[in-house]
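As structure tokens, the structure follows; a few thoughts come after it.
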Amino acid sequence: MPSEPAAIARPPLARWFPLVWPPIVTFVVIVGLWQGAVSFFEIPVYVLPSPVRVWQAFWAAPTTLLGHAGITLFEAMSGFVLGSALGALLGTAFAYSPVLARGFMPYVIAANTIPVVAIAPIIIIWFGHGLASKIAVTTFLSFFPLALNMMKGLQSYDRVVMDVFHVAAATPAQRFFKMRLPSALPYVFVGLKINVTFSVIGAIVAEFVQADRGLGFVIMTTYRMLAMPRLWAAMIVSALIGILFFALIALIERLAIPWHASMREPQ
Amino acid sequence: MAEPRPAPASPADAPVVDVRDVSLVYAGDRGSAGLRALDHVRLSVAKGSFVSLIGPSGCGKSTLLRIVADLLAPTAGTVTVGGVAPKAARLARQIGFVFQDPALPEWRRILDNVVLPLELRGVDRAAREARGRELMRLVGLEGFERAWPRQLSGGMRQRAAIARALSTEPRVLLMDEPFGALDQITRDRLNMELAAIHEETGVTVLFVTHSIREAVLLSDKVVVMTPRPGRITRVIDVALARPRKLATRDDDAFQDLVREGNRELERGYADAL
Ligand SMILES: Nc1ncnc2c1ncn2[C@@H]1O[C@H](COP(=O)(O)OP(=O)(O)O)[C@@H](O)[C@H]1O
Ligand SMILES: [Mg+2]
């Protein structure tokens, strides 16, 4: 009975080990080379602090750094959720109204290419110095990828499946929720994964422009003081929250579309 | 009118599908004349019978099936399904359709695919799953309830599509080259299973195929069509004994009918060129 893919039956460790060891080996090798190079060539700390120095800088004030990271992550996730939801709504409207799509699409695509460093100062002028302006920046960035992918996804349904629904006398709501929306989900997740990256970058850039908290703020101030090990620690933490956020979305994707070809077990 | 008229046929022997003088013209691009896909087509399909449409590509077989299923509206003429217009029949879930592509939404497990029409009709989960399991037994898919469509072979997916089309107990099962994409051995097996399903359920079938042998093997009537414009040129009655077996194809009577069908098809080609 092939009711489940065979790989699911294997114990978790046997399944994950082959996936996990290559990145761990890569990590150990890179950190080793980094430490070795810094010691061997006696590289000055402001050029390249050794992994040990970065580690120490992190542990000098771990809760402060993680507190800043939490604020950045909060800004990124809030904007991610807001922008993605609004984008999905607009994308749905576009998918159902060709006139609307034709009228707005050129501007959506144009707005999508605006660099965040250009839009961030403007939004901060509009929304003030608090968290709201950072969330507005990440909302803005998350809006367009979802609008585009939602529209594309809702249009990507199989015509024969549509005929099946028609012959079975499906209502428009049933067509949307039981056919077009599920067909759109793989596209939606493409958009969401773009937004993970966009919203973390967006939050940090916005904090760069103006903030008294968050990883962008830490990076800015440590740069001014040339506290390079702490700047490196902040950079690594920002990468880690990005990865964490991405892993969360990938997990949701796995649960939401286990049927999709992209969810096959790696060979 | 003073003259006495014949009493209307009783519902029991009224045709399940009645196509009267149907023409369909596909609108052409800007100003061009448009394509006459069907030209004054007349066809009636008796209750419980198995009727095949056969003819070269482009003779309007799919178009005719789509009109019967209310996926297209005819340019002229009328169609009834179970005595009512196709739209009413469709809304009453009286039509089952199997396409060449099984078209099983990939996000539904096989059982959920089979019961989709029941779900759309609002049948509660327990009732539709009981019915779904019964249908999966009927088409030989027992044990695959929880599989994803991509885990099944082409033949198994098409069985699921047949089960789905039968789920609402339709008056008519429309099949558009359902086995066209399958290998010969799988096709033979599915032919026999379709014959058994037809026998068991008594459903009326209107079946499109490219293969005259398949048509003769399964049908009570083989309707031969020619293209440009799409017309019915001949209806061949198939009086072979039932139940049919693959070995039926070795009978002389079978081979005579296939020869007759081929002659008719070739004549259609000659006229069309
Ligand atoms: N949507 C359409 N628009 C225009 N022409 C079409 C369309 N669908 C089919 N046709 C044309 O109508 C004719 C009949 O098509 P079809 O019914 O699909 O034939 P068959 O199923 O017998 O191969 C063909 O010439 C085909 O090109
Ligand atoms: Mg066809």
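The values are calculated or read from the model by the stated rules, or taken from the named source; none is laboratory data. If you're wondering where the values come from, they're calculated on a predicted model, not measured in any experiment. Positions of Cβ are backbone-derived with ideal geometry, glycine not excepted, and every protein chain shown enters the neighbour counts. Each accessible area value is taken on the protein alone, full model and side chains, heavy atoms only, with ligands, DNA and RNA left out. Shrake-Rupley method; radii C 1.70, N 1.55, O 1.52, S 1.80 Å.
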- Residue, most open to solvent (accessible area, probe 1.4 Å), within the range A:27-84, restricted to residues that are closer than 20 Å to A:LEU240 by Cβ and of a type in the set (Phe, Trp, Tyr): A:TRP55
- Odd one out for B:SER62, checked against (1) more than 12 Å from ligand 2 (Cβ to nearest atom); (2) in contact with an Asp or Glu (Cβ under 8 Å, 6 or more places away or on another chain); (3) more than 9 Å from chain A (Cβ to nearest Cβ); (4) open to solvent by 30 Å² or more (accessible area, probe 1.4 Å): (1)
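If only one of B:LEU173, B:LEU182 is closer than 30 Å to B:PRO56 by Cβ, among the aliphatic types (A, V, I, L, M) and assigned to a loop (DSSP other than H, G, I, E, B), which one is it?
Details: B:LEU173 fails: assigned to a loop (DSSP other than H, G, I, E, B).
Matching residue, one of B:LEU173, B:LEU182: B:LEU182.
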- Scanning the range B:46-63 for residues that are modelled with pLDDT of 95 or more, within 13 Å of ligand 1 (Cβ to nearest atom) and among the hydrophobic types (A, V, I, L, M, F, W, C), the one nearest to the chain's Cα centre (by Cα) turns out to be B:LEU53
- Taking the condition open to solvent by less than 40 Å² (accessible area, probe 1.4 Å) and either away from chain B (no Cβ under 14 Å) or more than 30 Å from A:ARG264 (Cα to Cα) (or both), does A:LEU192 pass? yes
- Query: Quick one: B:GLY55 ticks every box in (1) away from ligand 2 (no atom under 12 Å from the Cβ); (2) of a type outside the set (Asp, Glu); (3) crowded, with 21+ Cβ neighbours inside 10 Å bar one, so which box is it?
  - Reply: (1)
- Task: Looking only at the range A:153-185, count how many residues are more than 8 Å from chain B (Cβ to nearest Cβ), open to solvent by 20 Å² or more (accessible area, probe 1.4 Å) and not polar (S, T, N, Q).
- Result: 10
- Item | Residue list for the range A:229-258, restricted to those being in contact (Cβ under 8 Å) with a residue 60 or more places away in the chain, away from chain B (no Cβ under 14 Å) and open to solvent by less than 30 Å² (accessible area, probe 1.4 Å) | A:PRO229, A:ALA233, A:ALA234, A:VAL237, A:SER238, A:ILE241, A:PHE245, A:ILE249
- Item | Every residue from the range B:84-100 that is facing chain A (nearest Cβ under 9 Å) and either small (Gly, Ala, Ser) or crowded, with 21+ Cβ neighbours inside 10 Å (or both) | B:ARG90, B:ALA92, B:ILE95, B:GLY96, B:PHE97, B:PHE99
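Has the range A:136-159 got any residue that is aromatic (Phe, Trp, Tyr), in a helix (DSSP H, G or I) and closer than 30 Å to B:PHE99 by Cα?
no
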- Task: Among the candidates B:VAL41, B:VAL81, single out the residue that is in the same structural domain as B:SER211 (by TED's automatic domain parsing), within 14 Å of the chain's Cα centre (by Cα), open to solvent by less than 10 Å² (accessible area, probe 1.4 Å) and not hydroxyl-bearing (Ser, Thr, Tyr).
- Result: B:VAL81
- Note on the structure: Filtering the range B:65-78 for residues that are more than 22 Å from B:ARG157 (Cβ to Cβ) and open to solvent by 10 Å² or more (accessible area, probe 1.4 Å) leaves a count of 8
- Which one of B:GLU119, B:GLU142, B:GLU169 is open to solvent by 10 Å² or more (accessible area, probe 1.4 Å), away from chain A (no Cβ under 11 Å) and of a type in the set (Asp, Glu)? B:GLU169
- Task: Output the number of residues of the range B:194-225 satisfying the condition of being among the polar types (S, T, N, Q) and surrounded by fewer than 23 Cβ atoms within 10 Å (Cβ to Cβ).
- Result: 2
- Residue, surrounded by the fewest Cβ atoms within 10 Å (Cβ to Cβ), within the range B:179-188, restricted to residues that are in contact with a Gly (Cβ under 7 Å, 6 or more places away or on another chain) and free of Cβ contacts under 8 Å to residues at least 40 places away in the same chain: B:THR186
- Which condition breaks for B:THR80 when tested against (1) free of Cβ contacts under 8 Å to residues at least 60 places away in the same chain; (2) among the polar types (S, T, N, Q); (3) more than 12 Å from chain A (Cβ to nearest Cβ)? (1)
- Taking the range B:149-178 and the residues there that are over 19 Å from A:VAL161 (Cβ atoms) and either among the β-branched types (Val, Ile, Thr) or touching a Gly at 6+ places or on another chain (Cβ under 9 Å) (or both), the one that is nearest to ligand 2 (Cβ to nearest atom) would be B:VAL172
- Item | Near pairs, Cβ below 7 angstrom, 6+ apart or cross-chain, from the range B:163-178 (away from ligand 1 (no atom under 16 Å from the Cβ)) to any residue that is of a type in the set (Lys, Arg) | B:SER167/B:ARG131; B:THR168/B:ARG93; B:THR168/B:ARG121; B:PRO170/B:ARG93
- What residue, among those in the range A:169-203 that are in contact with a helix residue (DSSP H, G or I) (Cβ under 6 Å, 6 or more places away or on another chain) and hydroxyl-bearing (Ser, Thr, Tyr), is farthest from A:MET77 (Cα to Cα)? A:TYR187
- Could you say whether any residue in the range A:200-210 is at pLDDT below 95, touching a His at 6+ places or on another chain (Cβ under 7 Å) and not aromatic (Phe, Trp, Tyr)? yes
